[in-house]
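This report concerns only the one structure given below.
The values are calculated or read from the model by the stated rules, or taken from the named source; none is laboratory data. Quick caveat: nothing in here was measured; it's all calculated off a predicted structure. All Cβ positions, even for glycine, are placed from backbone atoms using ideal geometry, and neighbour counts span all protein chains on display. Heavy atoms of the whole protein, side chains included, go into the accessibility calculation; ligands, DNA and RNA do not. Shrake-Rupley method; radii C 1.70, N 1.55, O 1.52, S 1.80 Å.
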Amino acid sequence: MSQIGGFFDLWNPVILLVVVVVGYVYSRFVAKGNGNFADAEPVSDKQKLCFYTGLALFYIGQGSPINYIGHHYLFSAHMLQQTILYLIVPIFIWLGTPAWVLRFFMQNRVFRGTFSFFTRPLIALFLFNMLFSIYHMPFIMDGLMKNDVLLVSYHTVLLFTAFMMWFPVFCPLPELNRLNDLKKLAYIFGNGMLLTPACALIIFADSIIYEMYSNVTVPFAHLSPLDDQQLGGVLMKIIQEVVYGATLAYIFFRWYRRERKEDDDIELIETQENLNNQGGNWNRA
């Protein structure tokens, strides 16, 4: 492979169409149409921004040149794609999804049972990390890359499990929020530990472990295949640490603000009670 693909290879119009349709549906029926549903709350500008950001990042990861170059040329581009799709996109989509949307779908018994099962913290935690680690086994990844149907199928399942993995942390439904903030911190630490072996295997390998990248001629790269492979592992680990660190900070400061607000409310109630008691004493005097 000495020449890069054409426009349609680099900027996938099918993925762009999917993103535009999903964005339109969200704008029409969620952002502007919430009044048509029972118990629907207004969608904030912050939620809209998060959802549209998630869609844009999905297209960047799946429909931009990152996907094509990662599939045909650079392992580092492939790993960058993985971090965008599985570690970042689900966060923004969940933050942009109002609770009433999920409640609408939860009315379906089959959906409710399936969704509740796959979002159980331990199941979601181990399922995503297991599938992600299996995917990066050399013989698995080389085999999938040779079959587009199997590759798309595996990526679809992996994306589904990524959404399930992030749901316990950014759960928009109070009734399905199974983890308190302390448990969410432990959950994120557990994710980091389970993802580390796959990154370490790639970073510290002293030879090319993926056949598909071993004999590729890259017209625009200045790294050897081995350096590119190690760079991919490093990118995955660094971005993972940044995302998980930001998530830990988000959970901690949200917990801190809530505790501070509760303390202020208690102090206000006690002050009001003291004033009422003093007023009663003055009246009796």
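For beta carbons closer than 7 Å, sequence separation of 6+ or different chains, a first residue in region 238-258 that is farther than 18 Å from LYS183 by Cβ and a second that is of a type in the set (Gly, Ala, Ser), the qualifying pairs are GLN240/GLY192.
When the residues of region 189-236 are filtered to those that are under 18 Å from PHE132 (Cα atoms) and of a type in the set (Val, Ile, Thr), the one that is nearest to the chain's Cα centre (by Cα) is THR196. Scanning region 113-149 for residues that are more than 19 Å from MET165 (Cβ to Cβ), open to solvent by 80 Å² or more (accessible area, probe 1.4 Å) and of a type outside the set (A, V, I, L, M) yields PHE139, LYS146, ASP148. Look at (1) of a type in the set (Val, Ile, Thr); (2) within 30 Å of MET212 (Cα to Cα); (3) at pLDDT 90 or above; (4) in contact with a helix residue (DSSP H, G or I) (Cβ under 8 Å, 6 or more places away or on another chain) and you find that VAL18 fails only one, number (4). No other residue among VAL243, VAL218, VAL152 is β-branched (Val, Ile, Thr), out of contact with any Cys (no Cβ under 8 Å at 6 or more places or on another chain) and open to solvent by 50 Å² or more (accessible area, probe 1.4 Å) apart from VAL152. Looking only at region 63-96, count every residue that is assigned to a loop (DSSP other than H, G, I, E, B) and open to solvent by less than 20 Å² (accessible area, probe 1.4 Å) and tell me the total. Selection size over region 63-96: 4.
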